[in-house]
Amino acid sequence: MKVHKTDFSTGNVYKNILEVAVPMTIAQLLNLLYNIVDRMYIGRIPEEGTLALTGVGLCFPIITLVTAFTLLFGNGGGPLCAMELGRGNEEEAEKLMGNTFSMLILAGIILMGVGFAFYKPILYLFGASDVTFPYAGSYIRIYLLGTIFVMLSLGMNPFINNQGFGNIGMLTVLIGAVFNIILDPLFIFVLRMGVRGAAAATIISQFFSAVWVLKFLTGPKVSLRLKRGAMKVQWKRVKNIMALGVSGFIMAFTNSLVQVVCNATLQVYGGDLYVGVMTVLNSVREIFTMPVNGLANGASPVMSFNYGEKAFGRVKKAIGFVTVVCVSYTMLAWGILKVVPEVFIRLFNSEPELISRGIPALHIYFFGFCFMALQFTGQCVFVALGKSKKATFFSLFRKAIIVTPLTILLPRISALGVDGVFWAEPISNLIGGCACFFTMLLTVLPELKENNIKGKRE
């Protein structure tokens, strides 16, 4: 296999971004298959598809929490590693990667233990009923067994992308996705394992992805290798990793919080059916935010490297490119969802009642979808340039300060009911997205301009 490496310091900035972003977007699409394929099959289990889909949806907050800790270390260590590479400090970059690996292993063990100890009360707290708990419990018990595999495959893959191997990072996810697509129908239908089969297929797939990542990072093609000596945890370094990664952690953690509040509120105002509707809407949102995520993740190492190298003009071009593409794409996506909403709901469930309730909910939930692009763009820039405090604040601002209170309060207003839960998302996208993006413009761009002038004088 031919291994292509992108040199972030030379050539056209847009091309650099796309060389990493295109494979990463494809990887995001493939990563989406882990969950989406599960839900497509689960929603079609004879006679119990809707309840099974609702049960698995109740597990999302726990799965999101695992992702949050993965981002805490992977998304913190990755940009720092890229900046050190830009400064020519390979030894420190190697130690950042080794410490990230150690913390992912440690966190994975702790999360798995806590999950097994408390999954039952947690699921009931998250909105499970006596009818849906058997499905949720069966799924999460098996999923937790693969916690470490999930964290290593997702958390260490940025260190492949940050060295310019976008195609290899894509293959990390491709390997897992292919196994998942093959194993899902085998386990769910042929072996009649139901939701347990979906969970088993996912963790086996993530195991193969994790093996691929570790094999490549310890192989001869990378300039930075994962070495045992670099894995010795140094808390000062870990603190720096967590300081930058905490924004991604908070974004995922607050996503989990919002999912919990939404499910619990919908259970009160609409019952199990509306919890199922929210499961479908979350799945549709994952499909349409995937390209934005891929572009932002692809641009991040390019920005980080050039920022470390003090090529501030290239960083500014990268910001402009990401903004234009993300906003244009989300405008198009909003239009598609407005015109053919039923198509995307039917991907997961074709029961008439769920579709009839799901279409108006989807129209509300995705109203003003383009404003979400502003949040992604601003957040991407803050993380890539090491602006941890701003990245953390705006992660917390949109979800914890805006969405969660609105999810609780809006259903109580007049006759909004369940619609109030769905309106909380577009309102938060408007307020949070604009606040994050325009703060980024007013703080980062003047800094880049000033540093660029200084560099020319020197």
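Quick rundown of the values:
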{"read-out": "Relative contact order (percent, whole number), the range 237-330, Cα cutoff 8 Å, 6+ residue spacing", "value": "18 percent"}
{"read-out": "Computed over the chain: relative contact order in percent, which uses C-alpha pairs under 8 Å that are six or more apart", "value": "24 percent"}
{"read-out": "Separation between Cα centres of the range 40-83 and the range 278-331, rounded to whole Å", "value": "21 Å"}
{"read-out": "Zone of residue 338's modelled label, taken as backbone nitrogen in the range 360-387 under 14 Å from a point 7 Å along Cα→Cβ", "value": "363-371"}
{"read-out": "FRET E, pair residue 450, residue 15, Förster distance 25 Å, beta-carbon r, rounded to 0.05", "value": "0.40"}
{"read-out": "Summed residue charge, Cβ within 12 Å of residue 132's Cβ, Lys/Arg positive, Asp/Glu negative", "value": "-3"}
{"read-out": "Residue 141 paired with residue 355, simple spin-label distance in nm, labels 7 Å along Cα-to-beta-carbon", "value": "3.5 nm"}
{"read-out": "Extension gain (nm, one decimal) between residue 133 and residue 346, 0.36 nm per residue minus Cα-Cα", "value": "74.3 nm"}
{"read-out": "Given charges at beta-carbon only (K, R positive; D, E negative), |dipole| of the range 179-232 in Debye", "value": "420 debye"}
{"read-out": "Cα centroid separation - the range 220-255 against the range 134-153, whole Å", "value": "23 Å"}
{"read-out": "Percentage relative contact order, the range 317-457, counting C-alpha pairs under 8 Å, at least six apart", "value": "27 percent"}
{"read-out": "Karplus-derived 3J(HN,Hα), 6.51/-1.76/1.60, for each residue of the range 282-296, Hz, glycine and proline x", "value": "4, 5, 5, 4, 4, 4, 7, 8, 4, x, 5, 4, x, 5, 4"}
{"read-out": "Ordering of 66-72, 391-397 by burial proxy (mean other Cβ atoms within 10 Å per residue, highest first)", "value": "66-72, 391-397"}
{"read-out": "Whole-Å distance, taken between Cα centres, linking the range 398-454 and the range 108-124", "value": "31 Å"}
{"read-out": "Matching label, mean projected area of the Cα convex hull in nm² computed from the structure shown, candidates (1) 20.9; (2) 44.0; (3) 23.4", "value": "(1)"}
{"read-out": "Highest-first arrangement of 186-193, 317-324, where packing means the average Cβ count within 10 Å", "value": "317-324, 186-193"}
{"read-out": "Net charge over other residues, Cβ less than 10 angstrom from the Cβ of residue 254 (K, R count +1; D, E count -1)", "value": "+2"}
{"read-out": "Nonlocal amide H pairs with residue 271, under 5 Å, H built at 1.01 Å", "value": "none"}
{"read-out": "Modelled FRET efficiency - R0 51 Å, residue 415 with residue 223, Cβ distances, 0.05 increments", "value": "0.25"}
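Taken together, the values in this text are just the output of simple stated rules run on the coordinates, not laboratory data. Note that the coordinates shown come from a computational prediction; the quantities given were computed from them, not determined experimentally. All Cβ positions, glycine included, derive from the backbone under ideal geometry; neighbour counts span all protein chains shown.
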